[in-house]
1. How do the pairs read when you match residues in the range 186-210 that are over 14 Å from Thr228 (Cα atoms) and in contact (Cβ under 8 Å) with a residue 40 or more places away in the chain with residues anywhere that are of a type in the set (Phe, Trp, Tyr) and crowded, with 19+ Cβ neighbours inside 10 Å, using Cβ under 7 Å and keeping only pairs 6 or more apart or on different chains?
2. What's the total number of residues in the range 127-152 that are in a helix (DSSP H, G or I) and either among the β-branched types (Val, Ile, Thr) or over 23 Å from the mean Cα position of the chain (by Cα) (or both)?
3. Would you confirm whether or not the range 260-280 contains a residue that is assigned by TED's automatic domain parsing to the domain that holds Trp217 and in a loop (DSSP other than H, G, I, E, B)?
4. When you look at Val223, is it assigned to a strand (DSSP E or B) and on the phi < 0 side of the Ramachandran plot, yes or no?
5. Write out, first by first residue and then by second, each pair whose Cβ atoms fall under 9 Å of each other, whose residues are 6+ apart or on separate chains, and whose first residue, in the range 292-309, is at positive phi while the second is surrounded by fewer than 21 Cβ atoms within 10 Å (Cβ to Cβ) and of a type in the set (Gly, Ala, Ser).
6. Select, from Ser283, Ser278, the only residue that is over 19 Å from Ala204 (Cα atoms), among the hydroxyl-bearing types (Ser, Thr, Tyr) and surrounded by fewer than 16 Cβ atoms within 10 Å (Cβ to Cβ).
7. Got at least one residue in the range 212-225 being among the small types (Gly, Ala, Ser) and more than 24 Å from Val348 (Cβ to Cβ)?
8. Out of Val343, Val370, report the one residue that is in a loop (DSSP other than H, G, I, E, B) and at pLDDT below 70.
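The values are calculated or read from the model by the stated rules, or taken from the named source; none is laboratory data. From a predicted model like this one, the values you see are computed outputs, not experimental measurements. No Cβ is skipped: glycine too gets one built from the backbone with ideal geometry, and neighbour counts run over all protein chains shown.
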Amino acid sequence: MTRRTYKTGSLTERSPGVWRLRVRTLNTAGEPVQRQRTFAGSEAEARKALTKFVAEADSGQTTAGKLTVGECLDRWLAHCELRGRRPTTVTENRRKIEKTIKPRLGNVHLAKLTPGNLNDAYDEWLKSGLSPTTVHHLHAIISAAFNHSVRRGDLATSPAARAEAPPNVSKIPTVPTVEQLATLVRFVAKDDPVFATVILLAAATGARRGELAALRWSDVDLVAGTITIAKSLTVIGSRADKNVHIGPTKTRQQRTITLGDRGVEVLSEHWRYMLALSERVGSPLVDDPYLFAHPYHVNGAEPCLPDTWTTKFADLCTKAGIGHFRFHDLRHWSVTQLVASGVDVRTVGGRVGHAQASMTLDRYAHALPVPDQEAAAILGRMLPAGSR
């Protein structure tokens, strides 16, 4: 590996005719940073490319003068797909980019974009009716795309680093009461025992709907009373052109959790139901059937699509007379009940697949069993009497 060092930067021949160009410059805070890019050609051509690279870095830009915000976002999305980001995440980010970000900023050249331009866009989106949380998410997408361009060497510094995005305000989840959940399950079980089982398992495990849809019976151990959640099912595309994708969980981690006696009882009943149904219609179960099979595939060969659960659940909540709830609120219900019962947040977070215990605490602190008044009373009893 040949390396040439110049006052303005360095060249390193990584392989015959392929050079790594490195330059040192200052970021907007005056701190030294190093930029690099790859160049293919002769050493003489690489030296010319290095000289140009240095000039661009010194002027505070690299190829940003030719790159638009829209092109930057497209490159970042392509990078996310290549690096295996979840299809649903890429699809949702692309939707926000095409619907909101590009119409406002897509044709702006990065070299001319300032933090003030971004702040103006954020203010316009807020005035148009978007929530602060939504605008915060748009800022996160823009920041990630710009940071990717910085790492590529296309941009010296990210304008988003100095922009002022609105705060991400987390709402306290609205969950059904224990009595409302019991009412719903009894109502659903009359006509659809399978979906009643889906509801019970979602509440018992706190699993995401895609994780439930991806479950096979090989993930269940009724003897040990456990269930292993290792995959997630997502549906990409329109109704006419659906693409079912099964990949890792949201945090890319596998977890095995205890079902408890009630959970084992529910799944044992469900297994007997599936077995009897498949025998009655003359379609034996496949070797490793899905836990919740598509209605047209009683042999368990095809999974039920989680999108159908969302609409169905909301409709059944209304018909059961318990109010308006989302299927995802069953996950919130599970966490809230555990935290309120005094189960430590690390155990709860591990059970539902939170990446960090702090996420559980930040989101569900309102459910902690010790209210603020009691906390104040505890500390008050410990304080020394008198201040004079």
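1. Qualifying pairs under 7 Å: Val188/Phe195; Val194/Phe292; Val198/Phe292; Val198/Trp309; Ala203/Trp333; Arg209/Trp309; Arg209/Phe327.
2. Of the residues in that region, 8 qualify.
3. No, the range 260-280 contains no residue that is assigned by TED's automatic domain parsing to the domain that holds Trp217 and in a loop (DSSP other than H, G, I, E, B).
4. In short, no.
5. From the range 292-309, the pairs are Gly300/Ser278.
6. Answer to the check: Ser283.
7. Within the range 212-225 (the criterion being among the small types (Gly, Ala, Ser) and more than 24 Å from Val348 (Cβ to Cβ)), the answer is yes, since at least one residue qualifies.
8. Going through Val343, Val370 in turn, just one is in a loop (DSSP other than H, G, I, E, B) and at pLDDT below 70: Val370.
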